[in-house]
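I have a structure I would like to understand better, so I am pasting it below and will then ask my questions one at a time.
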Amino acid sequence: MKSHSLSKIQGVAYPASTIWVSSGISLTITGKVTSIAVTETTPGMILPSFCPERHINGDSSFCLGLKPVRPDDPNSAALWWLHLLQYLQCQSTAAKVGIWSM
């Protein structure tokens, strides 16, 4: 059986135009061979640990789209980071007003 190792990056993000621009939000990015997942480092601390309405999956990973960008070159990596920023901006709005922004 082939084993696929995981690569993880943990850190605090200070996303522009969000309620976390000063305080930060702790995130973990986990890379596998075929996918990348982003979660709050300790699920449920700031964001719900699961909420379909807010695009947070049952495993606490963020739903970044039906066909999320796979960052395998500089251009797609920049687009992936932009999608994550936009996702966090929507989460910030949802936290403030109680509804997912469209």
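The values are calculated or read from the model by the stated rules, or taken from the named source; none is laboratory data. Keep in mind that what you see is a predicted model, and the values were worked out from it rather than measured. With ideal geometry, Cβ positions are generated from the backbone for all residues, glycine too; neighbour counts draw on all protein chains shown.
I need the full set of residues from the range 43-58 which are surrounded by fewer than 16 Cβ atoms within 10 Å (Cβ to Cβ) and of a type in the set (D, E, K, R), in order please.
Answer for the range 43-58, where residues must be surrounded by fewer than 16 Cβ atoms within 10 Å (Cβ to Cβ) and of a type in the set (D, E, K, R): just 53.
Could you tell me how many of the residues in the range 32-58 are on the phi > 0 side of the Ramachandran plot and under 13 Å from the mean Cα position of the chain (by Cα)?
Residues flagged as on the phi > 0 side of the Ramachandran plot and under 13 Å from the mean Cα position of the chain (by Cα) within the range 32-58 amount to 1.
A follow-up question, please. Out of the residues in the range 59-91 that are assigned to a loop (DSSP other than H, G, I, E, B) and exposed (fewer than 12 other Cβ atoms within 10 Å of the Cβ), state the one that is nearest to the chain's Cα centre (by Cα).
Filtering first and then ranking leaves 65.
Here's something else I'd like to know. Please specify each residue of the range 17-42 satisfying the condition of being among the hydrophobic types (A, V, I, L, M, F, W, C), in contact (Cβ under 8 Å) with a residue 24 or more places away in the chain, surrounded by 10 or more Cβ atoms within 10 Å (Cβ to Cβ) and in a loop (DSSP other than H, G, I, E, B).
19, 20
So, one more: All but one of (1) loosely packed, with under 13 Cβ neighbours inside 10 Å; (2) farther than 17 Å from residue 86 by Cα hold for residue 12; which doesn't?
Among (1) loosely packed, with under 13 Cβ neighbours inside 10 Å; (2) farther than 17 Å from residue 86 by Cα, the lone unmet condition for residue 12 is (2).
Could you check the range 43-58 and list, in sequence order, the residues that are outside any loop (DSSP other than H, G, I, E, B) and either out of contact with any Ser or Thr (no Cβ under 8 Å at 6 or more places or on another chain) or in contact (Cβ under 8 Å) with a residue 12 or more places away in the chain (or both)?
Scanning the range 43-58 gives 51, 52, 53, 54.
Being of a type in the set (S, T, N, Q), farther than 16 Å from residue 100 by Cβ and modelled with pLDDT under 95 is true for just one of 23, 76. Which residue is that?
76
Right, next: Quick check, is residue 101 surrounded by 11 or more Cβ atoms within 10 Å (Cβ to Cβ) and touching a strand residue (DSSP E or B) at 6+ places or on another chain (Cβ under 6 Å)?
Considered against the rule, which asks whether it is surrounded by 11 or more Cβ atoms within 10 Å (Cβ to Cβ) and touching a strand residue (DSSP E or B) at 6+ places or on another chain (Cβ under 6 Å), residue 101 comes out as no.
Return the residues of the range 63-102 that are under 19 Å from residue 29 (Cβ atoms) and touching a helix residue (DSSP H, G or I) at 6+ places or on another chain (Cβ under 6 Å); say none if nothing qualifies.
Matches in the range 63-102: 64, 69, 71.
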